[in-house]
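Before any comments, here is the structure.
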Amino acid sequence: MVTDLKIKNLTAFHILGLLKSLGFFMVIDKMIIKDSFKDFVLDQLAGLPGLSPRAMFGAYGLYLGDSFFGILSEGRLYFKTDATSREPYLELGMGPFQPNEKQTLKNYYEVPPDILEDPEELKIWAQIAATR
């Protein structure tokens with residue numbers, strides 16, 4: 001399974017993103033990867049009450065109840081931040097969500113790979129994001 005591959009704490013999705021950013025192009029079924037990553041993230045967040053993904057513009061939005069707190073896009077997970085909660089993302093070198101070259105959503109930052117791989121820590125970050 002694609003999500004089982006780990007190299008230096010990177011998931012296969014991070015490796016694919018790195019290859020893409022370096023200019024390597026691979027012919028793969030994007031729908032399978034997108035759904036596999038969504039399933040991986042939902043497994044990591046299992047147990048959060050009211051968690052649901054909703055398809056949106058080729059990506060998925062994550063909700064806790066009515067609170068929109070996360071975005072799954074291109075094999076990356078972004079959580080909603082504010083001035084207070086953004087600091088740990090910046091300290092770990094993570095950037096904001098850019099759905100295209102001309103648009104940057106400065107309130108949504110990529111979740112660090114180490115956090116993504118730790119279900120308990122990821123749930124804490126998700127709950128913080130859901131309150132922003």
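Would you mind stating whether Tyr63 is part of a strand (DSSP E or B) and aromatic (Phe, Trp, Tyr)? Yes.
Among the candidates Glu110, Glu74, the residue that is surrounded by 14 or more Cβ atoms within 10 Å (Cβ to Cβ), at positive phi and under 15 Å from the mean Cα position of the chain (by Cα) is uniquely Glu74.
Among the residues of the range 93-102, just one is closer than 15 Å to Arg76 by Cα and open to solvent by 80 Å² or more (accessible area, probe 1.4 Å), namely Gln98. Among the candidates Leu62, Leu105, Leu51, Leu122, the residue that is hydrophobic (A, V, I, L, M, F, W, C), closer than 14 Å to Phe37 by Cα and either at pLDDT 95 or above or open to solvent by 30 Å² or more (accessible area, probe 1.4 Å) (or both) is uniquely Leu62.
The values are calculated or read from the model by the stated rules, or taken from the named source; none is laboratory data. Because the structure is a prediction, the values reported are computed rather than measured. Virtual Cβ from ideal backbone geometry, glycine too; neighbours counted across all protein chains shown. Quick note on the areas: whole protein, heavy atoms, side chains included, nothing else; ligands and nucleic acids left out. Shrake-Rupley method; radii C 1.70, N 1.55, O 1.52, S 1.80 Å.
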